[in-house]
1. Looking at this structure, is Thr125 at pLDDT 90 or above and outside any helix (DSSP H, G or I)?
2. What's the number of the only condition in (1) within 18 Å of the chain's Cα centre (by Cα); (2) small (Gly, Ala, Ser); (3) surrounded by 12 or more Cβ atoms within 10 Å (Cβ to Cβ) that Gly69 fails to meet?
3. Do you know which of the residues in region 78-115 that are assigned to a loop (DSSP other than H, G, I, E, B) and free of Cβ contacts under 8 Å to residues at least 40 places away in the same chain is surrounded by the most Cβ atoms within 10 Å (Cβ to Cβ)?
4. Examine region 129-142 for a residue that is modelled with pLDDT of 65 or more, more than 20 Å from Ser49 (Cβ to Cβ) and assigned to a helix (DSSP H, G or I), and state whether such a residue exists.
5. Hey, can you tell me all the residues within region 15-36 that are touching a Lys or Arg at 6+ places or on another chain (Cβ under 9 Å) and of a type in the set (Val, Ile, Thr)?
6. Picking from Thr14, Thr36, Thr44, which residue would you name as being among the hydroxyl-bearing types (Ser, Thr, Tyr), surrounded by 13 or more Cβ atoms within 10 Å (Cβ to Cβ) and under 22 Å from Thr76 (Cα atoms)?
Amino acid sequence: MSVAGITETLQYLTFKLGDEIFATEVAKVREVLDMTAIAKIPRTPDFMSGVINLRGSVVPVVDFRLCFGMTKTESTRNTCIVVVEVMVDGESTVIGALADSVEEVVDLEASQIQPPPRIGARIRTDFIKGMGMRDSGFIVILDVDRVFSAAELGAVRGQIPDAQLMEVAA
């Protein structure tokens with residue numbers, strides 16, 4: 001049984017969070033950055049690490065590990081920021097996501113992707129597009145447009161004062 005909506009071979013960028021491998025469609029990835037200084041923004045949700053200056057643009061950075069109930073990302077030489085483009089309320093938004101490391105770009109055929117597990121109505125899994133099967137392990141394929149709710153991202157945008165954004169962009 002394959003996942004509805006995935007009918008062809010697609011390329012995915014794989015990255016590690018803890019011991020697990022996650023992936024997102026390459027088409028959603030703008031770039032991968034080495035770890036850089038992240039300006040902290042007060043009174044933002046725990047998963048919001050801060051913002052970075054990306055060629056004059058202010059880009060919010062989130063900690064994927066905290067989003068998924070893991071411990072906070074510790075900075076190592078492999079830690080990186082995966083810059084993705086997500087749709088929020090029909091508007092394209094650029095967000096950086098901390099990852100323990102980036103692994104590789106893989107091609108997965110529709111037959112290699114199974115639907116996400118059904119865990120029950122109380123546990124939110126709508127952000128998981130599918131489970132890729134590769135070698136002897138699984139790859140959790142994320143639907144980055146659904147990882148964050150519009151309310152969460154709207155709250156982050158609304159909590160960052162324009163003056164602080166201008167300081168970071170400078």
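1. Working: at pLDDT 90 or above: no; outside any helix (DSSP H, G or I): yes.
Criteria not met by Thr125.
2. Single failed check for Gly69: (3).
3. The first filter runs over region 78-115 and keeps only residues assigned to a loop (DSSP other than H, G, I, E, B), leaving 78-79, 89-90, 100, 109, 115.
Restricting the remaining residues to those that are free of Cβ contacts under 8 Å to residues at least 40 places away in the same chain gives 78, 90.
Values: Asn78: 12, Gly90: 6.
Going through the qualifying residues, I end up with Asn78.
4. Here is the first cut: in region 129-142, the ones modelled with pLDDT of 65 or more are 129-142.
Checking which are more than 20 Å from Ser49 (Cβ to Cβ) leaves us with 129-141.
Applying the additional criterion that residues be assigned to a helix (DSSP H, G or I) yields none.
There is no residue in region 129-142 that is modelled with pLDDT of 65 or more, more than 20 Å from Ser49 (Cβ to Cβ) and assigned to a helix (DSSP H, G or I).
5. Ile21, Thr24
6. Working: Thr36 fails: surrounded by 13 or more Cβ atoms within 10 Å (Cβ to Cβ); Thr44 fails: under 22 Å from Thr76 (Cα atoms).
After applying the criteria, what remains is Thr14.
The values are calculated or read from the model by the stated rules, or taken from the named source; none is laboratory data. Here the structure is a predicted model, which is why all the values come from computation and not from measurement. Because the Cβ atoms are built from the backbone with ideal geometry, glycine has one as well, and the counts that use them run over all protein chains shown.
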